[in-house]
Every structure is written in C-alpha cells, then in structure tokens.
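Written below as structure tokens is the structure these notes are about.
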Amino acid sequence: MKFLDIGTVSAQSGVKPSALRYYEEIGLIASVTRHGLRRQFAPEVLLQLKLIAMAKLAGFSLDQIAGMFGKDGRPEVPRAALHEKADAIDRQIRSLTALRDTLRHVADCPAPSHLECPTFRRLVEVAGKQAGRGRRGRPAPPTPE
C-alpha cells in the first residue's frame, strides 16, 4: 500500500500540517508510519478529513467529531445527533432567511422615513421582543410584506 506524506495530505485536503498533527494528537486521525521525520498516512485519511471538515462546518466541536469515529478510524455516525444538528440548521436557515428579507425590505422601503413604514415598525417590535427572550426557542421574525 502506498502511504501519503503529511505534505501531500495537507496539499490534497487543504488542512495545514500543524492541524494534521493536532488532529493526530487528539485522536481524530492516525499516521501509520514515518519516513524520516515526516508522518505517513493511509489514503483513507483524506476521506476522514472531509468528514471532519463537514462536521466542523455543521457546528460540531472536535470532541464531538472524535466521538464519531471508531478505534479503527471508520465513521460511527450518531444518527440522533445528526438529526438534532440538521434541525438546528433548519431553524438557523429560517431565521437567516427572515433576517435577509427584513434587510431587503428596509433597504427598498419606499416610505420617506423607516419610522413611517408600518412593516418596519412591526419588524422592529418583533425583533425587540425576540432579543429580550434570547436566542433559544424564539420564532423567526415575520417576513416583510
């Protein structure tokens, strides 16, 4: 089997060598041997790094990600946690979509003053109530008319 040098893994994955060494230190990936002082990895490490990047993008911590790999480095995906994260992303998408729509309404509102715009006043009122409740459990702001 042909192994990949740490520099090759870094170049192909876009992950810095220092991050690769850290990932190995915390057990996310494992080198299989060394060539001189340079770590050598099995080609499968590239898939592992893609999964790590995807999980990081989804908002999982490195500790959570470490729990998603078995001792052999194969993924052991916690399906319930993935469903929870997907639900959280759906809520974030709805919230960001409403925020985008609000910003576009404010930018394009034909009222001479935003304070004269009933939609703007309603959006500010809703946003103020939501800010008082904190981020958890709040509904997305209404979409502008």
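Every number in this text was worked out from the coordinates using simple rules, so none of it is lab data. Computed from a predicted structure; not experimentally measured. Positions of Cβ are generated from backbone atoms using ideal geometry, with glycine treated the same way; all protein chains shown enter the neighbour counts.
Other residues within the sphere of radius under 14 Å centred on the Cβ of residue 33, judged by their own Cβ, net out at +2 (K and R +1, D and E -1). The H on the amide N of residue 5, modeled in the peptide plane, is under 5 Å from the matching H of 41, each at least 5 residues off or on a different chain. A simple packing score, the average count of other Cβ atoms within 10 Å per residue, orders the peptides 2-8, 104-110 as 2-8, 104-110, with the highest score first. When restricted to Cα atoms, the chain yields an Rg and a Dmax of 23.1, 72 Å, respectively. With all pairs of different C-alpha atoms in the average, the Kirkwood value for the hydrodynamic radius of region 4-66 is 11.7 Å. Across the alpha-carbon atoms of region 79-133, the computed radius of gyration and Dmax are 15.2, 52 angstrom. Mean-square fluctuations from a GNM of the chain, with a 10 angstrom spring cutoff on Cα atoms, peak among 78, 112, 17 at 112. Think of it as helices only: each DSSP H run of n ≥ 4 in the chain is worth -39500 (n - 2.57), and spread over all residues that comes to -18000 deg cm²/dmol at 222 nm.
Residues 13, 113, 95, ranked from the fewest to the most other C-beta atoms within 10 Å, line up as 113, 95, 13.
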